[in-house]
Amino acid sequence: MDSGASSPSTIGPIIYTFATKPVPANPKAIKTNGGNFSFSVTNSTGNYMVQINSNLANANGWTSVATNAAPFTFTAPMNGKNFYRTVSY
């Protein structure tokens, strides 16, 4: 995979995009449970920001909602249609 590529995927009403630059942060174990969804970044090391955007047409609309050192699991409520990505820093 090209280190600058993103891999969009869908699960139910949620679409998430994981930025893979410079180290791929391949998500694992996408789950929904009790009104929440979660994903884990398990095969990477380094620090990542989890970002959210409700409108992909707005390229500047990404907001950081968490920072984590990999490996980690991120959990969020399923409240509407949101887009998620991880960005290394």
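The values are calculated or read from the model by the stated rules, or taken from the named source; none is laboratory data. Not measured: the values here are computed from a predicted model. Cβ atoms come from the backbone with ideal geometry, glycine included; neighbour counts cover every protein chain shown.
What number of residues in the range 66-79 are outside any strand (DSSP E or B) and either among the aromatic types (Phe, Trp, Tyr) or in contact (Cβ under 8 Å) with a residue 60 or more places away in the chain (or both)?
To start, the set of residues in the range 66-79 that are outside any strand (DSSP E or B) comprises 78-79.
Remaining after also requiring either among the aromatic types (Phe, Trp, Tyr) or in contact (Cβ under 8 Å) with a residue 60 or more places away in the chain (or both): 78.
Total meeting the criteria: 1.
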Of the residues in the range 48-89, those that are over 12 Å from the mean Cα position of the chain (by Cα), more than 25 Å from Asn33 (Cβ to Cβ) and of a type in the set (Ser, Thr, Tyr) come to Tyr89
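Per-residue answers, yes or no, for (1) polar (S, T, N, Q); (2) in a strand (DSSP E or B); (3) closer than 14 Å to Ala76 by Cβ; (4) at pLDDT 90 or above:
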residue	(1), (2), (3), (4)
Lys21	no, no, no, no
Lys31	no, yes, yes, no
Ser38	yes, yes, yes, no
Thr45	yes, yes, no, no
Val50	no, yes, yes, yes
Asn55	yes, no, no, yes
Asn60	yes, no, no, yes
Ser64	yes, yes, yes, yes
